[in-house]
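First up is the structure itself, then whatever we jot down about it.
Quick note: the coordinates plus some simple rules give every number you see, no bench work behind them. Owing to the predicted nature of the structure, the values given are computational and were not obtained by experimental measurement. Every residue, glycine among them, receives a Cβ derived from its backbone with ideal geometry; neighbour counts consider all protein chains shown.
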Amino acid sequence: MLMEALQIEGVDVFFGYPGGAVLDIYDEITRHPRLRHILVRHEQAAVHAADGYARATGRVGVALVTSGPGATNAVTGIATANCDSVPIVVFSGQVNRSLIGNDAFQEVDIVGITRPCTKHNYLVQKIEDLPEIIAEAFYVARSGRPGAVLVDLPKDVVQARALFSYPEKVTMRSYNPTYVPNQNQLRKAARMILGAKRPLIISGGGAISSGAEDELFWLADRLNIPVTTTLMGLGSFPASDPLFLGMPGMHGTYAANRAINACDVLIAVGMRFDDRVTGLVSAFAPKAKIVHVDIDPSSIGKNIQVDVPLVADCKHTLAALKTLLEEHLDENDVSYGRNPVWRRTIQTLQDEHPLFYARGDKIKPQEVVESIQQVAAALGRETIITTEVGQNQMWAAQFYKFDKPRTLLSSGGLGTMGYGLPAALGAQAAFPEHLVVDIAGDGSIQMNSQELATAVESRLPVKIVILNNQYLGMVRQWQELFYKRNYSFTPMQGQPDFVALAKAYGAEGYRVTRPDRLRDTLREAFASPLPAIVDVHVDREENVYPMVPANGAIDDMMLS
């Protein structure tokens, strides 16, 4: 039943790790060759890989784990996906129904454990209910604000038999997301935007989830509105466009943060005003009227009070807004004719403090990120970037120019170290011909480095570029700036030989210690048909700037 349901839902690949409670399912997998199962080496990695697959494709990612520790190992991946509104369905094994609550071997209440970090979850009580529950799980995961759904499968339910009948349509009385915006609110938004002298768009992951990048580009281009995107929104608007200001927030650009606090109308599309974006809430966008588009009503007004709430799908809303605005825009009212003073102000902000790093004898991590993009472009490869979490993540967000959606896969809301490598495996499984690069730190990569075995065994030629500074870099940066350089347990002196580690797993390993060898080595690694680690020894105490201190206003930036 489960295998048939997955095929009906369009699943082509899923990730898992077997165990006693799911042996009957694994016994069945081999009879369904159209479904590719990828064996990971840790259950957390199975869920991150499903997450990476989902972010890269826009489809629902699927993972399968056993009961007890298998299920609890999956919780970090579930919470990671749910925080970032990624559609995944995780199937967990469970002990027989008669043993639930008896502290049986490898029994945990995974439904209770995951209730706070899933969009919804299920404990299947009857085999007859399984098809409907699976259909609901996929519907809930992908609709509205996407998220993580868990389906817990008792062993005796899985072993039972029933006639298979899959529902053609899912209807849930208690769950009906709103896709179409309120027309009165839409008209208010249009009037506000047309009357703005200093408009600004801030785009988030919801713009990508809904596929609203074309509508977003029209709004910005037609009305000459500068755009900043959150970490999750990078790629929703082309980074190479002159209207793009970079990322806002704690490590946002000078221009983006200053523009937010100078604008008179802020159009927020599919973002939730996370604390890393807003900084001190009372000082965020103090001069602006705010239009907020989001399909999740609980995200509107939760952190920042808004003037025009639009509870609806981003793509539907921006398309409807385009129709309204076109009625009021003269054919000769071309984009660069609007708000010329504001555009000059923005240009001044961009020129005053562009992103910058000083080159020298040591390899700079920012240079590595730029080189990854340049080498990939020279090879003519479609590229997907994943990241771990920490300084490597922020440098990737700042210095890699994302022109397309679904080309950056990164843990934003939960900030999960160890995310990047398994997420890269999921993306590579979805797009075998793409170049998939995990920009990693030497601390984060060790959280799930065992997945090199998965990469080699499953022939997923991901490339891992380690920005090796022999520190837990972001924590060390905070210790330098706010704890009087008391580097308490952040030096990572006992590092493995990453080149030898790669070779031990059957992958390729490269080491770079000089700037003049960087691009040639990247070129060689990227051209290889095998998974590879490129261990780049970077300037040990290079910091991520700009930086907004904790509880600071976003325009109160440390620039160097």
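Tabulated data for the structure shown
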{"read-out": "In order through region 358-368: 3J(HN,Hα) via Karplus (6.51 cos²θ - 1.76 cosθ + 1.60), integer Hz, x for Gly, Pro", "value": "8, 7, x, 6, 8, 6, 8, x, 4, 5, 4"}
{"read-out": "Contour minus Cα-Cα distance for D264 and S298 (0.36 nm per residue)", "value": "9.8 nm"}
{"read-out": "Residues M547, M558, M271, sorted so that the one with the fewest Cβ neighbours within 10 Å comes first", "value": "M558, M547, M271"}
{"read-out": "Segment Q493-R97, extension gain: residue separation times 0.36 nm, minus the distance between their alpha carbons", "value": "137.7 nm"}
{"read-out": "Phi-based couplings in Hz for region 342-349 (Karplus 6.51, -1.76, 1.60; Gly and Pro marked x)", "value": "5, 5, 5, 4, 4, 4, 4, 4"}
{"read-out": "Sparsely packed trypsin sites (Lys or Arg not before Pro) within region 173-263, loop by DSSP, other Cβ within 10 Å at most 14", "value": "R173, K197"}
{"read-out": "At R0 = 35 Å, FRET efficiency that the Cβ-Cβ distance of A378 and R36 yields, to 0.05", "value": "0.65"}
{"read-out": "Residues D27, D275, D313 arranged by fewest to most Cβ contacts within 10 Å", "value": "D27, D275, D313"}
{"read-out": "Order of L467, L408 under a 10 Å beta carbon neighbour criterion, fewest first", "value": "L408, L467"}
{"read-out": "Whole-angstrom gap from region 305-381 to region 42-80, using each part's C-alpha centre", "value": "32 Å"}
{"read-out": "Neighbourhood net charge (12 Å Cβ-Cβ; Lys/Arg +1, Asp/Glu -1) for D264", "value": "+3"}
{"read-out": "Approximate spin-label separation E28-L355, in nm, with each point projected 7 Å along Cα-to-Cβ", "value": "4.7 nm"}
{"read-out": "Amide H within-cut-off set for G61, under 5 Å, with H built and near neighbours excluded", "value": "A54, I88, V89"}
{"read-out": "Net charge dipole size for the chain [Lys, Arg +1 and Asp, Glu -1 on Cβ; Debye, nearest 20]", "value": "820 debye"}
{"read-out": "Simple spin-label estimate for Y483 and K169 in nanometres, 7 Å along Cα-Cβ", "value": "5.7 nm"}
{"read-out": "Whole-angstrom gap from region 437-451 to region 87-143, using each part's C-alpha centre", "value": "30 Å"}
{"read-out": "Read-out Cα Rg over 2.2 N^0.38 Å, derived from the coordinates shown; its label in (i) 0.99; (ii) 0.93; (iii) 2.01", "value": "(i)"}
{"read-out": "Once exposed loop GluC sites (Glu not before Pro) are cut out (DSSP; at most 11 other Cβ, 10 Å), longest piece of the chain", "value": "1-167"}
{"read-out": "For I464, residues with placed amide H under 5 Å, excluding near neighbours", "value": "D438, A532, I533, V534"}
{"read-out": "Amide H partners (placed H, <5 Å) of I363, local residues excluded", "value": "D539"}
{"read-out": "Theoretical gain in end-to-end length, R222 to S240 [0.36 nm per residue, Cα-Cα removed]", "value": "4.8 nm"}
{"read-out": "Simple spin-label estimate for D556 and Q183 in nanometres, 7 Å along Cα-Cβ", "value": "4.7 nm"}
